[in-house]
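I have placed the structure first, in the form of structure tokens, so that the comments after it can refer back to it.
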Amino acid sequence: MSEHTIVLEGIIKSFTKSYSGNLSFMLEDSQNNLHYCFSTKKSSLLNSSDDVIIFGSYTSGNKVRINYIINQTKNSEESLIEASSDWTYYLSLVASIGTTIGFIIALLYLLGVFPVDYGSYWGILGSIYTMIFSIIVVILLLPVMIVFWFLTNAFSKKRRRGTELEVEISKLRQDISSPIKSSIPTSKASTIQVEPEDYGKRPQFCAHCGTEMPFEAKFCPSCGSEQ
């Protein structure tokens, strides 16, 4: 893909002026770096000093295009992905197919593949008229056909890019929200056992004279004091 999704977390410092009235602001991250973030859409869920997480992509001039934003201060989320609507793509596709069919038919008439019999009255004049009309139609339909197919291709790429961004953002959101795992693997942690301590094997010393004696002895064999 031409763009890679990046994640930025920080505080909104100030909103910048946008002549189109769309969303744009300066974001300060944890290292006090400022990032210019913008979108071609409008948003009303953000205020200055809000703590946000942005899923975006870098554009020219190190600017960040916002695709998805999580407002941690207001506990809200919003998608700002630029994706063409299905109806614009399908409308452009139908128009492209229609103009292509018309162009091919006019071209076949021009090449004489579909001969037209005008009778003895029109004769050559009718053939000349058909040729001139076919040339005009071909000339007019050619640029229109190219424009429609160009638009169809652009809408198709935009729809596909929007789907890819949604998948990327979904994976990144799962990574962010997943709990921190234990540093000890479960398979190894389950094998760790604590053996109970056998106090009968530990040496016993007299509390008065310090002489070593059996654990079960109640009196010191050296000084005779009770334990």
Of all the residues that make up region 32-68, how many are at pLDDT below 85 and of a type outside the set (S, T, N, Q)?
5
Search region 6-21 for residues being in a loop (DSSP other than H, G, I, E, B), exposed (fewer than 14 other Cβ atoms within 10 Å of the Cβ) and not aromatic (F, W, Y), and hand back the single one that is modelled with the lowest pLDDT.
S20
Restricting to region 23-72, name every residue that is of a type in the set (S, T, Y) and in a strand (DSSP E or B).
S24, Y36, S57, Y58, Y68
Exactly one condition in (1) surrounded by 13 or more Cβ atoms within 10 Å (Cβ to Cβ); (2) out of contact with any Gly (no Cβ under 7 Å at 6 or more places or on another chain); (3) outside the structural domain of I132 (by TED's automatic domain parsing) is false for R65; which is it?
(2)
Filter region 73-96 down to the residues that are surrounded by 14 or more Cβ atoms within 10 Å (Cβ to Cβ) and part of a helix (DSSP H, G or I) and list them by number.
T88, Y89, L91, S92, L93, A95, S96
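The values are calculated or read from the model by the stated rules, or taken from the named source; none is laboratory data. Just so you know, these numbers come straight off a predicted model, no measurement behind them. Using ideal geometry, Cβ is built from the backbone for each residue, glycine included, and neighbour counts are taken over all protein chains shown.
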